[in-house]
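K.L.:
Handing you this structure, nothing more for now.
The values are calculated or read from the model by the stated rules, or taken from the named source; none is laboratory data. All figures in this text were calculated on a predicted structure; none of them were measured in a lab. Counting neighbours? That spans all protein chains shown, and the Cβs are built from the backbone with ideal geometry, glycine included. The protein model used for the area step is the full one, side chains on, heavy atoms only, and it has no ligands, DNA or RNA in it. Shrake-Rupley method; radii C 1.70, N 1.55, O 1.52, S 1.80 Å.
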Amino acid sequence: MNVKKAFHLSTLTFLASLLLFSGCNKQDTKSNSSQPVVQATGNPADGDEILVGAVFPMTGPIATYGQESVNGIKLALQKFGGEKIKGKKIRLIIEDNKGEPTESANAVRKLINVDKVHVVVGSVASSNTLAGAPIAQQAGVPLMTPASTNEKVTQTGEFISRTCFTDDFQGVVMAKFAKETLKKSKAAIIVDNASDYSKGLSKVFRAEFAKLGGEVIPTEYTYTAKDQDFRSLLSKVKRSKPDVVFLPGYYTEVGLILKQAKQMGLNVPFLGGDGWDSPKLQEIAGAEGVKGNYISSHFSPDDQDPTVQSFVKEYTENFGSQKPGAMAALGYDGMLVVLDALKRAPKLDYASINSAIINTKGFKGITGSITIDENRNARKSAVVLKTLPEGMAFEQKVNP
Ligand code: PHE
């Protein structure tokens, strides 16, 4: 009887402590998520490897960006051939942010706090990078994005840099192309309200097109990422009678908009930015939807430069028949710049690695010559591409 009672009591105590323990745990998680600030960890992992954390959208509505980026990064590492830097091997740790800002912040936090990576590379969509960058900045860990073009990204602080051009440049390129090359005079703009990229780029286009003497329809036509039916929006756009439409969005919504616009007889050229640059655009928009439109981007696989052509060849040999798009090329160049910086850094602490990255000068990439300026942005040329049912065709190159 006594034994039984004692057993019973200890079971109760055990259960109670379990409850208490799980209660504590819950509270911990709560206070973590409401307080995104990371304590500066001081130093990266001091093992026999250099850890490169990569944050990319591997799944979700912008998954081709992540898949192409990681392919590019893997080719860059392959080209590097397992070479050791300061006696250490390079190891890539990939985190899928699913194209979501919250997931991006969590991924950056995990790479810094748990893995103690030496450097973070990523992400693609500017709103995703903007969510993760303050965490890296706070912790004093270098974060370099190969693809996010929104102005605000690198304004986060001195640990945040990029190896691509910004939307101040890209937006001007497309406004000029619309006004001077296509000789259009009345533009409508369709914006993704959930995207810092789309909002920023449309602002630049609006100002530049007006400056060049064009008329921009004052109404801002808006949608939100993940919308699927754009017909009522497009009928309003059609009624405003533009002779060109600027659509700075990402390929999933852009593809649907192009398809529905054609079905509704909105037959003016649509212009976009690098967010259209995906091997899935043609599939979503359909042959009729893509025809006769133009985008600005970072790279053309038609570029006859021998280094570009050997990249295109290696890429298709490794990853199938589809030619590499902008993201593949940006991922490749971005990784090579980081490897070059890791070699040049006198030591493998965060500050030395960061200063080596932001002092990159004249690095010969396949997306152009990469020099990181005093605002930690790269000044590089852009290309204008024509979208065709079979892919993107080179139209012109624009230097900064
Ligand atoms: N520039 C886009 C952004 O900042 C991302 C992107 C880059 C998409 C290159 C496709 C290709 O949101």
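K.L.:
Could you give the distance between the Cα centres of the stretch 144-219 and the stretch 358-395, to the whole Å?
P.N.:
One Cα centre to the other: 16 Å.
K.L.:
Over all distinct alpha-carbon pairs, what is the Kirkwood Rh of the chain in angstrom?
P.N.:
Details: mean 1/r = 0.0448 Å⁻¹.
Hydrodynamic radius (Kirkwood, Cα pairs) of the chain is 22.3 Å.
K.L.:
Between Lys84 and Asn399, take the C-beta separation as r, use R0 = 30 Å, and let me know the FRET efficiency to the nearest 0.05.
P.N.:
On the way: r = 37 Å, r/R0 = 1.25.
About 0.20, to the nearest 0.05.
K.L.:
Could you work out the relative contact order of the stretch 168-297? I mean the mean sequence separation of Cα pairs under 8 Å and 6+ apart, divided by the number of residues, in percent. Before the final figure, lay out the partial values.
P.N.:
On the way: 240 pairs, mean separation 34.1, N = 130.
Relative contact order here is 26 percent.
K.L.:
Could you compute how much accessible surface Asp46 exposes when probed at 1.4 Å, giving the result in Å² to the nearest 10?
P.N.:
Accessible area of Asp46: about 140 Å².
K.L.:
Next question, about the same structure. Where the centre of each part is set by its Cα atoms, how far does the stretch 260-313 sit from the stretch 66-121, in angstrom?
P.N.:
Using only Cα atoms, the two centres lie 28 Å from each other.
K.L.:
Next question, about the same structure. For Thr145, Thr252, give the ranking by accessible area with the largest first, probe 1.4 Å.
P.N.:
Working: Thr145 0, Thr252 35 Å².
Ranked list, largest accessible area first: Thr252, Thr145.
K.L.:
Also, I was wondering about something else. Roughly how many debye, to the nearest 20, is the charge dipole of the stretch 345-390 about its Cα centre, given +1 on each Lys and Arg Cβ, -1 on each Asp and Glu Cβ, and no other charges?
P.N.:
Details: 7 positive and 4 negative charges, 24 e Å.
Taking the Cα centre of the stretch 345-390 as origin, the dipole is about 120 debye.
K.L.:
For the pair Ala287 and Asn267, how long in nm is the line joining their label points, each one 7 Å along Cα→Cβ?
P.N.:
1.8
K.L.:
Using a 1.4 Å probe, how large is the accessible area of Lys323, given in Å² and rounded to the nearest 10?
P.N.:
About 110 Å², ignoring ligands and nucleic acids.
K.L.:
Something else now. Relative contact order of the chain, please, whole-number percent, based on alpha carbon pairs below 8 angstrom and at least 6 residues apart.
P.N.:
Values: 838 pairs, mean separation 66.5, N = 400.
Value for the chain: 17 percent.
K.L.:
Suppose every Lys and Arg Cβ carries +1 and every Asp and Glu Cβ carries -1, with no other charges. What dipole size does the stretch 36-184 come out with about its Cα centre, to the nearest 20 debye? Mind showing how you got there, number by number?
P.N.:
On the way: 17 positive and 15 negative charges, 69 e Å.
That gives a dipole near 340 debye.
K.L.:
In this model, which of Lys259/Lys380; Lys74/Lys176; Lys74/Lys203; Lys199/Lys238; Lys183/Lys397; Lys238/Lys323 are farther than 25 Å apart at the alpha-carbon?
P.N.:
Working: Lys259/Lys380 32 Å; Lys74/Lys176 36 Å; Lys74/Lys203 35 Å; Lys199/Lys238 21 Å; Lys183/Lys397 18 Å; Lys238/Lys323 34 Å.
Long pairs (Cα-Cα over 25 Å): Lys259/Lys380; Lys74/Lys176; Lys74/Lys203; Lys238/Lys323.
K.L.:
Output the 0 to 90 degree angle, nearest 10, between the alpha-carbon long axis of helix 2-34 and the longest principal axis computed from the alpha carbons of the chain.
P.N.:
Helix 2-34 and the main axis of the chain meet at about 30 degrees.
K.L.:
Here is a further query. With axes computed from alpha carbons, what is the tilt in degrees of helix 326-344 against the longest principal axis of the chain, rounded to the nearest 10 within 0 to 90?
P.N.:
50
K.L.:
Counting only the heavy atoms of the protein chains, how much of Lys74 is accessible to a 1.4 Å probe, in Å² to the nearest 10?
P.N.:
Accessible area, nearest 10 Å²: 100 Å².
K.L.:
Nearest 20 debye, what's the magnitude of the dipole of the chain about its Cα centre given +1 on Lys and Arg Cβ and -1 on Asp and Glu Cβ? Present the calculation step by step, with values, prior to reporting the outcome.
P.N.:
Numbers: 48 positive and 41 negative charges, 93 e Å.
The dipole magnitude comes to about 440 debye.
K.L.:
If you line up the long axis of helix 63-80 against the longest principal axis of the chain, both from Cα atoms, how many degrees apart are they, to the nearest 10?
P.N.:
Computed tilt is about 80 degrees.
K.L.:
Where does the charge balance sit around Ser126 when Lys and Arg score +1, Asp and Glu -1, over other residues with C-beta under 12 Å from its C-beta?
P.N.:
Details: positive: Lys152, Arg162, Lys199; negative: Glu151, Asp167, Asp192, Asp196, Asp274.
Around Ser126, the charge tally is -2.
K.L.:
Grab the other residues whose beta carbon is less than 15 angstrom from that of Gly87, score K and R as +1, D and E as -1, and report the net. Present the calculation step by step, with values, prior to reporting the outcome.
P.N.:
Working: positive: Lys84, Lys86, Lys88, Lys89, Arg91, Lys343, Lys347; negative: Asp46, Asp48, Glu49, Glu83.
Charge balance near Gly87 sits at +3.
K.L.:
With the other protein chains left in place, how much accessible area per residue, in square angstrom, belongs to the chain at a 1.4 angstrom probe?
P.N.:
44
K.L.:
Any chance you could list the semi-axes, whole Å, largest first, of the equivalent ellipsoid that the Cα gyration tensor gives for the stretch 261-351, using √(5λ)? Walk me through the intermediate numbers first.
P.N.:
Numbers: eigenvalues 241, 54, 25 Å².
Values for the stretch 261-351, descending: 35, 16, 11 Å.
K.L.:
OK, next. Rounded, prolate or oblate: which fits the stretch 168-297, taking a ≥ b ≥ c as square roots of the Cα gyration tensor eigenvalues, rounded meaning a/c under 1.5, else prolate when a/b beats b/c? Each step should come with its number before you reach the end.
P.N.:
Working: a/c = 1.39, a/b = 1.28, b/c = 1.08.
In terms of gyration-tensor shape, rounded.
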